[in-house]
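Computed from the coordinates by the stated procedures, all read-outs in this text should not be read as laboratory data. No experiment lies behind these values; they were computed from the predicted model shown. Don't worry about glycine lacking a Cβ; one is built from the backbone with ideal geometry, like all the others, and counts go over all protein chains shown.
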Amino acid sequence: MKAIICDFDGLIIDTEFALYEAFCELLKIESSELPIDEYAHYIGTDSTALYNFIVNKTNGIMTKEEIIEKSHTLHKEKLEFPIPRDGVDEYLKEAKSRGLKIGLASSSNREWVTYFLEKVNLLDYFDVIQTRDDVEKVKPDPTLYKNVINLLGIEPSEAIAFEDSVNGSKAAIAAGLKCVIVPNKVTENLEFKSFHLRLNSMKEKELYKVIEKIETLKI
């Protein structure tokens, strides 16, 4: 393997559960009224479908524009002191020490991604970052991953993608990558079909062991 490629939201920082909480707070509802299993299907792709889903939950009380503005404010407040998910720092340090290239492929915009990477002092680890600002279609379309592969100058078979969402894993597999899924509190109960290895967190298995495991797979 020559590279690892990471998703951002929900994989590096669990921004996804914070957004879920923001929607519950905004709508003044209990989590039982916004089933997380239903909500999770809208994660890891363009936010249009997610906001349409939330609008339907308001019964017309708020417009889509109001929901976007207010939820964004609440979301940022909940992420005032972000921390990386368990094991993320160690994976990035190990990848760098082993001479692996490190890419990032996110369906969020670049400003959002770089803001939080800077805040947790991880931005400098990434050799290539591709976001929704760089493509016409986001995940599950594979273009984000294909762009990262091309910019890193490697073959798809030479990289492992780390994802937390179904849409993200579909994109990685479609781009020809090996995919390790690391679900979070929002996505852990989804039915993942496209992946090569599943971890509860990056703390569960050291990066070199993940690479060894992936390289032994007959794919």
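Structure summary
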item: Inter-site label distance for LEU151 and ASP46 at 7 Å from Cα along Cβ, in nm; result: 2.1 nm
item: Shape category assigned to region 127-219 from the gyration tensor of Cα positions, a/c cut at 1.5; result: oblate
item: Added length on full extension, which subtracts the Cα-Cα distance from 0.36 nm per residue, ASP133 to GLU33; result: 32.7 nm
item: Alpha-carbon centroids, region 43-57 and region 157-197: separation in whole Å; result: 21 Å
item: By average C-beta atoms within 10 angstrom, highest first, the peptides 55-65, 206-216; result: 206-216, 55-65
item: Hydrodynamic radius (Kirkwood) for the chain, which is based on Cα pairs only, to one decimal in Å; result: 17.6 Å
item: Estimated Rh, region 41-130: Kirkwood, alpha-carbon pairs, angstrom; result: 15.4 Å
item: Packing rank of 123-132, 77-86, 149-158, where each peptide gets the mean count of other beta carbons within 10 Å, highest leading; result: 123-132, 149-158, 77-86
item: Farthest positive-ward along region 111-219 dipole, Cα basis, beta-carbon charges - from TRP112, ALA161, VAL128; result: ALA161
item: Residues with amide H under 5 Å from that of LYS101, placed H, sequence gap 5 or more; result: ALA3, ILE4
item: Crossing angle, helix 88-97 versus the chain [Cα axis fit, 0-90 degrees, rounded to tens]; result: 30 degrees
item: Value at 222 nm in deg cm²/dmol, rounded to 500, when DSSP H runs of n ≥ 4 in the chain each add -39,500 (n - 2.57); result: -12500 deg cm²/dmol
item: Between 0 and 90°, nearest 10: helix 143-152 axis offset from the chain longest Cα axis; result: 40 degrees
